[in-house]
Structure formats: C-alpha cells, structure tokens
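Student: Take this structure, written in structure tokens, and hold onto it; I'll ask about it next.
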C-alpha cells in the first residue's frame, strides 16, 4: 500500500513543521504519541532531532529500543491526533482505542501508522543531549508515502489544541534546497 | 511599536514550524538569513534548538557573538524571505537590499527585524552539538509581537522554494499545552 520515497526527499515532509505521530514498540507492544518538537538536522543522511519528554510513556521505549516510526497525519486525522496526545500508553492501547492501525515496518520493530500519509522508519543515532533536554537525534532508514493520499494537508500545533491547517501553496524562485 | 509577549507563550510562535529569519550582528554589522530547521526544546525557560550550516555566513556570527534574533515573517514577506535565503551577507547588506529594517533589540546586539510580526531575542546556551551537527541550543530572553499584524499567516518551506501558507485554524479539546 505504501510506496517508498527517496530518503533524500524525506526532509520535505518534516521541514514544514507538521504535527507528527511517534510510534514505538517496547517488548513487541506498539504505542504512539503526538509530537511537534522536531526538526531536520541533515539532508543526507536524512537526520532529524526531536524532543520527547521523559514524562511520556514513549520516552522509555525510544530510549531502550532506539527505534521509532514518525507518521505524518493529514488533517482528517486531527481528532485522533489529539486523542493520542491526551492519553497515555500506560493506560490504554492507543492504536485500538483511536482507530489507528499498526502495520509492520521494514527496518524497525516500531510499526507504521497505516492511516498516516507518510511514515519514516528511524533509528536513534545520538543520545548525547537526552539527559539534558530529552533531545534525540534520529536517522531516517526508510521513508514511505501513501499514493492514495496525494496533496495531504497537514496540521501544525499552536498550543492548547489550536491547529493551523495547510492552506495555499506558493512557489518562489529559490536556490534553497 | 512592538509589544512584549510573555516568554511562556513564545513556543506558540515556533511550534507550528514556520520559516523564520535569523538576525545576527558581528562587530556591529547586522545580517540576516532564512531558516527552517528549528524546534522548541523547553517551555520555561523558553529554549529552542536550530541548525545553522557552517557554510552560512551567519554561522560565525552566531558562534562568536552567541546571540541572535529570530524574526517570524508573515506571508507578505515571502518574496523577501526567499531573497534573503538566496544571497549571502558576505556579498551584500541584506537588510538594505531587500527592504528590511534592523531595529535595536533590548537584550542582544543582534537586531529585531521590524517587518516581522514577531521577534525573539535569543542567546546561545549550549554548543555541545555545534561541531557535529551545527546544532545550537538557544534561550529566548525577550519576545516581541507587532500588534498591527494580528493573525499573521506564516509560511512553511517544503523544499526548493515551495511554501505552504497557513490556512484555516481549528480548535480541538486538548490537554496538551
């Protein structure tokens, strides 16, 4: 169902700053959280940084397993995204509770999120700033997009459940990658 | 002209992932670059991380002076933002060349960008990952918003001069800050 995307293009999904889902698996049990604090760090290899609070149940999974999937939800998933953010994997199976489907990934034990229009399989490559800032550096090992969700509009969190949805696209002559 | 914004709200400007302008001053000479690789790291104190390529002229200014201003441009500045990104402070005075105005900041020598709807005065607080990733950790010392640019729509870079502009805003019941 998903189609592979060149790793050199993965940054184009994250650089605009959408809310993402961070999926992990600890001892084989999948979990998912909502995350906005991420940024690209390098084009190739495709590296990013993200901050996952040590208060989050996903923190231990990411720390221990060293792997995750970053799913990018379109606007149609906004309600599920908020429910994921409002609850903890300590208490419930978020996939089952919120109509999300965990699908096997190719490089990591963490699952793809079937309903997301893109999924990035990642491994943790640097934990130097985890203790101080809960900051993980990740490398994208494999990138997937759902050809059936073309031109998906993403959502961006402005705080306290207020989101701005992607509007028009403009193209300007640029030498920036 | 600018009005102070509580530092505890600064994250609401950056978390949505807009393209920003990074203003620096080296030996009193102001410069500005376009940046998309940034994320929040902590709410209070308001800390963020950003990646500034060592190939950029601004890198040395940020490294040496340890200060900057992050200006957030609205959609109306998109053309100037791209011109800033397409040129180097090595060659030209980007403020003068692209109709931008450097205004004195209160806590740092780097200037505010008058045309931006928000400006964050920042100091570099951690350089541990500069050598490896060009990653700086910054703390926001002072935040300013332009009361005349209410509900400004920001732009988000998707690569090669393609930008998505903020569209509708949705509000969902959330326990997330």
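Values in this text are rule-based calculations from the coordinates and carry no lab data. Values in this document were obtained by computation on a predicted structure and should not be read as measured data. Ideal geometry is used to build each Cβ from the backbone, glycine not excepted, and the neighbour counts take in all protein chains shown.
Student: Filter region B:9-25 for residues that are more than 17 Å from residue B:75 (Cα to Cα), facing chain A (nearest Cβ under 10 Å) and either touching a helix residue (DSSP H, G or I) at 6+ places or on another chain (Cβ under 7 Å) or crowded, with 24+ Cβ neighbours inside 10 Å (or both) and give the result.
Tutor: Result: B:11, single match.
Student: In addition: Could you list all residues from region B:1-34 that are free of Cβ contacts under 8 Å to residues at least 24 places away in the same chain and in contact with a strand residue (DSSP E or B) (Cβ under 8 Å, 6 or more places away or on another chain)?
Tutor: B:12
Student: Still on this structure: Report whether or not residue A:120 is crowded, with 24+ Cβ neighbours inside 10 Å, more than 7 Å from chain B (Cβ to nearest Cβ) and under 13 Å from residue A:20 (Cβ atoms).
Tutor: Taking the combined requirement at face value, the residue satisfies it.
Student: So how many residues does region A:142-177 have that are assigned to a loop (DSSP other than H, G, I, E, B) and within 7 Å of another protein chain (Cβ to nearest Cβ)?
Tutor: Total meeting the criteria: 8.
Student: For the subset of region B:73-101 comprising residues that are outside any helix (DSSP H, G or I), touching a helix residue (DSSP H, G or I) at 6+ places or on another chain (Cβ under 8 Å) and away from every other protein chain (no Cβ under 12 Å), which member is surrounded by the fewest Cβ atoms within 10 Å (Cβ to Cβ)?
Tutor: Among those that are outside any helix (DSSP H, G or I), touching a helix residue (DSSP H, G or I) at 6+ places or on another chain (Cβ under 8 Å) and away from every other protein chain (no Cβ under 12 Å), it is B:90.
Student: Looking at region B:26-41 only, could you name the residues that are within 13 Å of chain A (Cβ to nearest Cβ) and either over 10 Å from the mean Cα position of the chain (by Cα) or part of a loop (DSSP other than H, G, I, E, B) (or both)?
Tutor: Once the filter is applied, which keeps residues that are within 13 Å of chain A (Cβ to nearest Cβ) and either over 10 Å from the mean Cα position of the chain (by Cα) or part of a loop (DSSP other than H, G, I, E, B) (or both), region B:26-41 yields B:36, B:37, B:39, B:40, B:41.
Student: Also, quick follow-up: Test residue B:58 against the stated conditions and say whether it is touching a residue at least 12 places away in the same chain (Cβ under 8 Å), touching a helix residue (DSSP H, G or I) at 6+ places or on another chain (Cβ under 8 Å) and either over 16 Å from residue B:112 (Cβ atoms) or in a helix (DSSP H, G or I) (or both).
Tutor: no
Student: Okay, moving on. Pick from region A:42-53 the residues that are within 12 Å of chain B (Cβ to nearest Cβ) and not in a strand (DSSP E or B): which of them is surrounded by the most Cβ atoms within 10 Å (Cβ to Cβ)?
Tutor: A:52
Student: What's the total number of residues in region A:142-173 that are without any contact (Cβ under 8 Å) to a residue 60 or more places away in the chain and in contact with a strand residue (DSSP E or B) (Cβ under 9 Å, 6 or more places away or on another chain)?
Tutor: Residues flagged as without any contact (Cβ under 8 Å) to a residue 60 or more places away in the chain and in contact with a strand residue (DSSP E or B) (Cβ under 9 Å, 6 or more places away or on another chain) within region A:142-173 amount to 11.
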